[in-house]
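Written out below as structure tokens is the structure these notes cover.
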């Protein structure tokens, strides 16, 4: 069963090379308004979006996140933030101390989930307009500097960026994990033999994907990639930074 929305979703791939064309104000507003249409826990709307079109600022961000050229060269760059600053302002407006709630792990999770839901709506909207997009987790490589560049107040944490623009490439879609491995009926299935068999089969799929994409130069497996990545802990400063920004995670 397919329709245009499902086809757009299923055709997603990360675009890291864009034409030298800026997005119009109308496109930007539509993307953000679609983000705002996403579900939000208890109507809290605990996120904000910082849009960046200034070339110098994008270049500075590109350097901070790890010299990723597509952070600087795109049609528009969006930074999605977990945001409880406005709720701190609400606390002052309504003369009610909300700090215990605002500093709870639950509200931190709500803010990050809200932002992620909004961002996926934004990407889907962009792709439906013939644009391409790429999530940029490297924003979290150096949040102190990112917050300084973007003048971010306390109780706001930039979570990730999204580079959006007119695609100048069309890479092959990366095969996802098997449906049967991700979707569990009624309960979490824990047949370890079957679980490992599914991962082994997926490794074969991914290895073939890289072999074809690189003319045999790469034959990575997915589990091998995960071990390489996860054996090198990243961004271990995050707990302290989150606390510093007013999310004390009580």
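Let me have the relative contact order for the chain, percent, based on Cα pairs under 8 Å that are six or more residues apart. If you can, show how the numbers build up before the last one.
Values: 360 pairs, mean separation 64.2, N = 250.
The value is 26 percent.
Which FRET efficiency, nearest 0.05, do residue 204 and residue 117 yield, Cβ-Cβ r, R0 35 Å?
In this case the efficiency is close to 0.55.
By the gyration tensor of its Cα atoms, with a ≥ b ≥ c the square roots of the eigenvalues, what is the shape of the range 9-153: rounded for a/c under 1.5, prolate for a/b over b/c, or oblate?
prolate
Could you order the peptides 135-147, 3-15 from most to least packed, using the average number of other C-beta atoms within 10 Å per residue? Present the calculation step by step, with values, prior to reporting the outcome.
Numbers: 135-147: 18.4, 3-15: 12.7.
Those peptides, ordered most packed to least, come out 135-147, 3-15.
Once fully extended, how much extra length lies between residue 94 and residue 44, figured as 0.36 nm per residue of separation less the alpha-carbon to alpha-carbon distance? Let's see the in-between values first.
Working: separation 50, 0.36 × 50 = 18.00 nm, distance 1.56 nm.
Difference between extended and current length: 16.4 nm.
Any idea what % of Cα-Cα pairs in the range 179-219 are farther than 14 Å?
Numbers: 461 of 820 pairs.
Roughly 56 percent, rounded to a whole number.
log10 I(q)/I(0), Debye, Cα-only the range 118-250, no solvent, q = 0.10, 0.15, 0.17, 0.18 Å⁻¹?
-0.56, -1.12, -1.20, -1.20
At 0.36 nm per residue, and after removing the present C-alpha to C-alpha distance, how many nm does the segment from residue 217 to residue 244 gain when stretched out fully?
5.3 nm
Can you tell me how much longer the chain between residue 148 and residue 21 gets when fully stretched, taken as 0.36 nm per residue apart minus their C-alpha distance, in nm with one decimal?
Working it through step by step, the gained length comes to 43.0 nm.
Using a basic spin-label model with each label point 7 Å from the Cα along Cα→Cβ, how many nm lie between residue 179 and residue 13?
With each label point 7 Å from Cα toward Cβ, the separation is 2.2 nm.
In degrees from 0 to 90, rounded to the nearest 10, what is the angle of the helix 105-128 Cα long axis to the longest principal axis of the chain?
The answer is roughly 60 degrees.
Values in this text are rule-based calculations from the coordinates and carry no lab data. Since this is a predicted model, take the numbers as computed values, not measurements. Glycine gets a Cβ as well: all are built from the backbone with ideal geometry, and neighbour counts include every protein chain shown.
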